[in-house]
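Since the structure comes first, as structure tokens, the remarks are kept for the end.
The values are calculated or read from the model by the stated rules, or taken from the named source; none is laboratory data. Since this is a predicted model, take the numbers as computed values, not measurements. Note that we place each Cβ from the backbone using ideal geometry, even for glycine, and neighbour counts take in every protein chain shown.
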């Protein structure tokens, strides 16, 4: 019995050591912003294989929600494990307490569209072995970050090839008094055009099928469920293929910790497909 216990213990230790050896690494970096004249921290997760060889990796940028910060996703998910499992880099930039990832002309301290879509991406490409093209970049987020991910992807299709939203505020107009949005773009009564042009659902523009790989999900008990359904219907009407999922759940960490697993798989599949050479047309008979 004692021998069996010792053998089981040694086997367990071996499994744990192997798992630890396979885990990716997570670090915090400082990303400078020329637009805002300061630096912000970001969490970066690298796969274990990054230490070996000179391979390049796709990147998933994960945006936090209102009142959160760059550490938010690291508290919800094992980012090192996700990086290792899907052989990609995860970057979690800071979007400040309530930026909604906007550039605000009247506020030099709120230039987070430029910061995330240009400066964070530029820093990542310069300091890590990335695939520096839309085929190697995805952006996703929760709540305010879901809005931010879709907003930035739609406005920067030359930067991102895929985007995901989890419980995202994909239409801000029904919430004119919430989450400090009016602090940045003015009240909806005094600045209605700002609200129209900055809400995600109105940024679909002439988006064509295949230009972006999109995945959207929301809990059925979430206060954003109706705007997510409307966004889904708008994509269908426009003929844009996308993944759309509703699950039991509300606007909380339990939902997002589950959701991220599906979104990362979606991005992994996108990167694999994007990496394959285009198939040649069949010869004419």
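Points to keep in mind about this one:
- Residue match in the stretch 156-173 (condition: surrounded by fewer than 19 Cβ atoms within 10 Å (Cβ to Cβ), touching a strand residue (DSSP E or B) at 6+ places or on another chain (Cβ under 6 Å), farther than 26 Å from residue 132 by Cβ and at pLDDT 95 or above): no
- Any chance residue 44 is in contact with a helix residue (DSSP H, G or I) (Cβ under 6 Å, 6 or more places away or on another chain) and in contact (Cβ under 8 Å) with a residue 40 or more places away in the chain: no
- The stretch 58-85: number of residues that are surrounded by fewer than 20 Cβ atoms within 10 Å (Cβ to Cβ) and within 20 Å of residue 121 (Cα to Cα): 3
- For the residues 53, 145, the requirement of being at pLDDT below 95 and either assigned to a loop (DSSP other than H, G, I, E, B) or within 30 Å of residue 202 (Cα to Cα) (or both) singles out 53.
- Members of the stretch 86-100 that are surrounded by fewer than 22 Cβ atoms within 10 Å (Cβ to Cβ) and over 26 Å from residue 130 (Cα atoms): 97, 98
- Taken over the stretch 227-242, the criterion of being exposed (fewer than 15 other Cβ atoms within 10 Å of the Cβ) and touching a residue at least 12 places away in the same chain (Cβ under 8 Å) is satisfied by 230, 238, 239, 241.
- Count of residues meeting criterion [more than 20 Å from the chain's Cα centre (by Cα), surrounded by 10 or more Cβ atoms within 10 Å (Cβ to Cβ) and at pLDDT below 95] in the stretch 19-48: 3
- Hits in the stretch 246-260 - residues which are out of contact with any helix residue (DSSP H, G or I) (no Cβ under 6 Å at 6 or more places or on another chain), in contact (Cβ under 8 Å) with a residue 60 or more places away in the chain and in a helix (DSSP H, G or I): 255, 259, 260
- Considering only residues in the stretch 101-135 that are within 17 Å of the chain's Cα centre (by Cα) and assigned to a loop (DSSP other than H, G, I, E, B), the one that is surrounded by the most Cβ atoms within 10 Å (Cβ to Cβ) turns out to be 101.
- Wholly enclosed helices (runs of 4 or more DSSP H) of the stretch 148-241 bearing at least 2 residues within 23 Å of residue 255 (Cα to Cα): 225-238
- Residue count for the stretch 182-224, restricted to those that are over 16 Å from residue 157 (Cα atoms) and touching a strand residue (DSSP E or B) at 6+ places or on another chain (Cβ under 8 Å): 6.
- Residue selected from the stretch 184-198 under the condition touching a helix residue (DSSP H, G or I) at 6+ places or on another chain (Cβ under 8 Å) and touching a residue at least 12 places away in the same chain (Cβ under 8 Å), by the criterion surrounded by the most Cβ atoms within 10 Å (Cβ to Cβ): 198
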